[in-house]
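Report on the following structure.
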Amino acid sequence: MCDYDKDKLIHFPQHGDTRGHLVVIEGIKDIPFQIARIFYIYGSDSTVVRGQHANRKSEFVLVNICGTCKVKTNDGKGNTKEFNLDKPHEGVYIPKMVWKDMYDFSDDSILLCLASQPYDAKEYIRDYDRFIDEVGKK
Ligand code: TYD
């Protein structure tokens, strides 16, 4: 079982042979949660900033399976990190209550997002001041 308590880059094994590569992501084993939801983002470009929210319940792993993009995380306590996602066998783990921005998408970017919870708009915090306020109350 993996043990992650902070946002960090995860390297997935590549099962490559002469036919090409295959990457497996199993809940709990390769990432720290069971996968309840999958969505993917494409058709964004270098002018777009996506995300710009934090989640009260959902944890995520983001994998740019085609092209490149960047992800910035912010824990609301003065700690930020920037991740360059440019390999289909690397993903960034984002715990709950972390503000995230996704940006600098290449035209061919496909960003695969694995989430620990089904979609619930109410657990998204889309107002930055409110996020800082809720972090301060924890
Ligand atoms: P949004 O959260 O703004 O996307 P991003 O964080 O990538 O910028 O979601 C865009 C729209 O899609 C919004 O209307 C909500 C909807 N949506 C769902 O219905 N289910 C989901 O799982 C997600 C992630 C978004």
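The values are calculated or read from the model by the stated rules, or taken from the named source; none is laboratory data. Small disclaimer: the values here were computed from a predicted structure and weren't measured. Positions of Cβ are generated from backbone atoms using ideal geometry, with glycine treated the same way; all protein chains shown enter the neighbour counts. Areas reflect the complete protein model, heavy atoms only, side chains present, ligands, DNA and RNA absent. Shrake-Rupley method; radii C 1.70, N 1.55, O 1.52, S 1.80 Å.
Applied to the stretch 10-17, the Karplus parametrisation 6.51 cos²θ - 1.76 cosθ + 1.60 on θ = phi - 60° returns per-residue 3J(HN,Hα) values of 10, 9, 8, x, 9, 8, x, 8 Hz, with x for Gly and Pro. The distance between label points at Y42 and D86 comes to 2.2 nm (points 7 Å beyond Cα on the Cα→Cβ vector). Applied to the stretch 126-138, the Karplus parametrisation 6.51 cos²θ - 1.76 cosθ + 1.60 on θ = phi - 60° returns per-residue 3J(HN,Hα) values of 9, 10, 5, 5, 5, 4, 4, 4, 5, 4, x, 8, 7 Hz, with x for Gly and Pro.
The phi torsions of the stretch 29-38, fed into the Karplus equation with coefficients 6.51, -1.76 and 1.60 and a -60° offset, translate into couplings of 6, 9, 9, x, 8, 6, 7, 9, 7, 10 Hz, rounded to whole numbers, with Gly and Pro shown as x.
Ordering I28, I125 by accessible area with a probe of 1.4 Å, largest first, what comes out? It would help to have the intermediate numbers written out before the result.
Values: I28 55, I125 5 Å².
Correct descending sequence by accessible area is I28, I125.
Quick check: residue separation of T68 and K8 times 0.36 nm, minus the Cα distance between them. What number comes out in nm? Write out the running numbers ahead of the final one.
Values: separation 60, 0.36 × 60 = 21.60 nm, distance 1.72 nm.
Difference between extended and current length: 19.9 nm.
Within the straight-line cut-off of under 17 Å between alpha carbons, the aspartates and glutamates reachable from K77 are D5, D7, D101, D127, D129, D133, E134, sequence neighbours fewer than 8 places apart in one chain being disregarded.
Based on C-alpha pairs under 8 angstrom that are at least 6 apart in sequence, the chain has a relative contact order of 33 percent. A simple spin-label model places pseudo-atoms 7 Å from Cα toward Cβ; at D108 and R19 they are separated by 2.3 nm.
For the chain, what is the mean residue ellipticity at 222 nm derived from helices alone (per DSSP H run of n ≥ 4: -39500 (n - 2.57); sum divided by total residues; nearest 500 deg cm²/dmol)?
About -2000 deg cm²/dmol.
Under the simplified labelling scheme, the Y124-K29 pair shows an inter-label distance of 3.2 nm, with each label point 7 Å from Cα along Cα→Cβ.
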